[in-house]
1. Leaving ligands, DNA and RNA out of it, work out the accessible area of R320 with a 1.4 Å probe and give it in Å² to the nearest 10.
2. Cα-based Rg (one decimal) and Dmax (whole number) for segment 342-459, in Å?
3. Using a 1.4 Å probe, what is the accessible area per residue for segment 385-432, in Å²?
4. How much length would be gained if the chain were fully extended between L447 and A78, taking 0.36 nm per residue of separation minus their Cα-Cα distance, in nm to one decimal?
5. Which semi-axes, in whole Å and largest first, does the equivalent ellipsoid of segment 410-459 have when worked out from the alpha carbon gyration tensor as the square roots of 5 times its eigenvalues?
6. Per residue, how much accessible surface does segment 44-109 expose to a 1.4 Å probe? Answer in Å², no decimals.
7. With labels modelled as points extended 7 Å from the Cα through the Cβ direction, what inter-label distance (nm, one decimal) is found for E89 paired with M421?
8. For the cross-link pairs K59/K104; K64/K114; K64/K135, which exceed 26 Å when the distance is taken from alpha carbon to alpha carbon?
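The values are calculated or read from the model by the stated rules, or taken from the named source; none is laboratory data. Here the structure is a predicted model, which is why all the values come from computation and not from measurement. Glycine gets a Cβ as well: all are built from the backbone with ideal geometry, and neighbour counts include every protein chain shown. Each accessible area value is taken on the protein alone, full model and side chains, heavy atoms only, with ligands, DNA and RNA left out. Shrake-Rupley method; radii C 1.70, N 1.55, O 1.52, S 1.80 Å.
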Amino acid sequence: DLASPFMPFRIPHLGASYQTSHPSDNETLFELWHPSCFGKQSALLGSFCVGATSEEQEKDPQHKLPRLTFAVDRHAEADPITVFLFDDEASSWPKFWSSSMQNKSCEELRPLSKSVMLEIPGKQRVEAHKNIMEKSPHYWYLVAVNCNSRAVCPQVLSANITFFHPGGNGRPDLCVAHDDSAVNALQEAVSETVKALEMRNILHVVGLTPFGVAVLYIDFTAMLLCSFLFLIEGVRVESQRRFLYFNTFFITSISAMAYLAMASGNGIMTLRKVPGSAHGGGAWHFTNDLFTTPGSALHPNPLYDEAYAKSLAYPVFYARYVLQFFTSPLILLDLFLITGVGFATRAFMLFSNAMMVLCWGCGAFITTPSRWGFWIFGLLFSLGVLIPLIGVLPTAAARKGRAARRLYGRLMCITLFTGLMYPWAWVLVDGAHAVTSDVAALIYAILDFISQCVFGVLL
């Protein structure tokens, strides 16, 4: 498949525009305007795969060898640029990336490259072509650098690159097959598993300290133990009450898995605040993972920004809203079964509950002031749950007898307390971000434990 043998790099050019065309089956033309800088020091113009070449191809380099032809223009007022060509050997691109991050000079970077191209005297342009010979498939990288000031981004205006790839050479799958063998994949998987089981990784969740992660694991354990308790109790009690315990077992089991997901760093999106940064400018914004993931030693991420990655982070757990969406109607189901309330009331409360969770869930992921509108609507829908809880269900429970009325009274107190606390927890945590992420995890863990585990124990 020669549809796209030239790759503008596997990580997109943020803020740049580009287009790819195919003048012939053996040529790919790549045009790029205003490429983004990575590390604030270099501009990646593109990457491409070159397969192994033969001696026969090397005898006729003009027609049979892969070739890269390019013209790179800069802004007239900017410093001159230098273009480096690297391949993915350990001594080239990976070494360049680590050296570049250490503000190495161009003279120190030159030995790492396969070729260095300077501007044409009197012009703001670098023009060159390079025939490429390889004994095995490799990725190649074309990079622009400001050698006059390594701390300043090269001001590239445009780049026009033609990749000549005769006979199907240049297909990305050639390099993938070479780079990602089954043995290497298995070794990497085993290595990642071992690292994940290390204590410092078990207690690592972006935006939380080990204390906050420990809170999540403690709540997971509590929910899991309660699940076993309710399951055993459901098997032991009389058949009339069995489903109440089984239903509560469903509730705490869902919460246990959700808390395990959160404790292990899943079901999460992260907000960041970077004062004066081009990535956020002091307001809360969702993290762009392109800037926070360093990559591996062999394949470093050229967009990694260490300052951004270490900036103030605040996790938003969407797993919490997933668990609330599934567990809160199950809690109401227990109350419906105890009181025997009518279908219309059940439908109204379940709808109000679903809208409440959806409003607060949506509001949590909105970083503009409009999130407070979702909180207000969620609060109004919560009244559709709380008002029948204290006005309609007690009357229905009383009609079923003293035992049902007393049981419902205990459960109503628990549900009413947590129902009044959740909206104000949202204000402190997902609305204003007024408490630390560890305190936020603790607040929700306590409320979830009371609304589910204590609820089940009082059945």
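1. 10 Å²
2. Final numbers for Rg and Dmax: 15.8, 50 Å.
3. Numbers: 2370 Å² over 48 residues.
Roughly 49 Å² per residue, with all protein chains present.
4. On the way: separation 369, 0.36 × 369 = 132.84 nm, distance 5.79 nm.
Extra length available between L447 and A78 comes to 127.1 nm.
5. Numbers: eigenvalues 107, 26, 4 Å².
Whole-Å semi-axes of the equivalent ellipsoid: 23, 11, 5.
6. Values: 2790 Å² over 66 residues.
Per-residue accessible area for segment 44-109 comes out at 42 Å².
7. 6.4 nm
8. Details: K59/K104 38 Å; K64/K114 20 Å; K64/K135 15 Å.
The pairs that break the limit, which is 26 Å between Cα atoms, are K59/K104.
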